[in-house]
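The values are calculated or read from the model by the stated rules, or taken from the named source; none is laboratory data. Keep in mind it's a predicted model, so treat the numbers as computed, not measured. Ideal geometry is used to build each Cβ from the backbone, glycine not excepted, and the neighbour counts take in all protein chains shown.
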Amino acid sequence: MGHQIVDASRPQPAGLSQWRAMLMDQPALLTQPGAHHKTLLAWAYAMHRDKVIDSDELSELLELADGALAFAVEAVLDIDSDE
């Protein structure tokens, strides 16, 4: 019997629709913005490495991930200033 070893620390390529669903997951984004951003970046680079997306699409995904992080930081700052 052959067993395949999977490195759980290495992000596995996900489909673009799954990536976009993660991007839109506001509860995850607002709860852990840094981890959420890091995961989005890792998935984007994995899809590019595996030739699921091209360089232009990678650039777009990285910009979207950075925008989501900026949104989350602003939202957290707004919540803190309201308290």
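Side notes on the structure shown:
- With respect to the conditions (1) at pLDDT below 95; (2) of a type outside the set (Phe, Trp, Tyr); (3) surrounded by 12 or more Cβ atoms within 10 Å (Cβ to Cβ), residue 42 lacks only one, and its number is (1).
- Residue 51 being at pLDDT 95 or above and either touching a strand residue (DSSP E or B) at 6+ places or on another chain (Cβ under 6 Å) or not polar (S, T, N, Q) (or both): no
- Set 75, 21, 65: member being in a helix (DSSP H, G or I), touching a His at 6+ places or on another chain (Cβ under 7 Å) and of a type in the set (Gly, Ala, Ser): 65
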